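The values are calculated or read from the model by the stated rules, or taken from the named source; none is laboratory data. What you are looking at is a predicted structure, and each value in this text was computed from that prediction instead of being measured. With ideal geometry, Cβ positions are generated from the backbone for all residues, glycine too; neighbour counts draw on all protein chains shown.
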Amino acid sequence: MTGNCPEKFAIAARAALVAFAIGLVTSASAQSGGDAKIVSRVDPGFPREAAQAGVDAGMVKARMTLDAGGGVTKVDIVDSKPARVFDRAVVRALSGWRFNNGAGGRVVETEVEFKR
């Protein structure tokens, strides 16, 4: 065994914990335009600033506007607790989501929960 094994294990364990700890509500509900379905998504990471500030959990409700190709053209934060702590991470992640093709201008809401 080399001296790096415990360190490698600790890094892998931390990465698995972070991946597990970010609970993401995956059911996005379409408010208009009907049947928007997630094709691919990007999960937000737990912001380092939140961890450094001692924040262990939070929630962000967001509203996405979609184009006809299923791309996200706009992300609006509807509600967040604590306020503004996770907003930037959510906007960045949701901007990378893709939905099925459909009418441009569809609006989809989702809720993202963070737990450390």
Would you point out which residue out of 20, 46 is among the hydrophobic types (A, V, I, L, M, F, W, C) and at pLDDT 95 or above?
-> 46
Collect the residues in the range 60-81 that are among the acidic types (Asp, Glu) and either within 17 Å of residue 115 (Cα to Cα) or loosely packed, with under 15 Cβ neighbours inside 10 Å (or both), keeping them in residue-number order.
-> 76, 79
Out of all the residues in the range 43-59, is one or more over 21 Å from residue 115 (Cα atoms) and either free of Cβ contacts under 8 Å to residues at least 40 places away in the same chain or surrounded by 14 or more Cβ atoms within 10 Å (Cβ to Cβ) (or both)?
-> no
Given 91, 72, which one is free of Cβ contacts under 8 Å to residues at least 60 places away in the same chain, aliphatic (A, V, I, L, M) and in contact with a helix residue (DSSP H, G or I) (Cβ under 7 Å, 6 or more places away or on another chain)?
-> 72
Considering the range 88-110 alone, what residues qualify as being of a type outside the set (A, V, I, L, M, F, W, C) and surrounded by fewer than 18 Cβ atoms within 10 Å (Cβ to Cβ)?
-> 88, 92, 95, 96, 98, 100, 101, 104, 105, 109
Could you tell me which of the residues 87, 76, 56, 67 is at pLDDT 95 or above and touching a Gly at 6+ places or on another chain (Cβ under 7 Å)?
-> 67
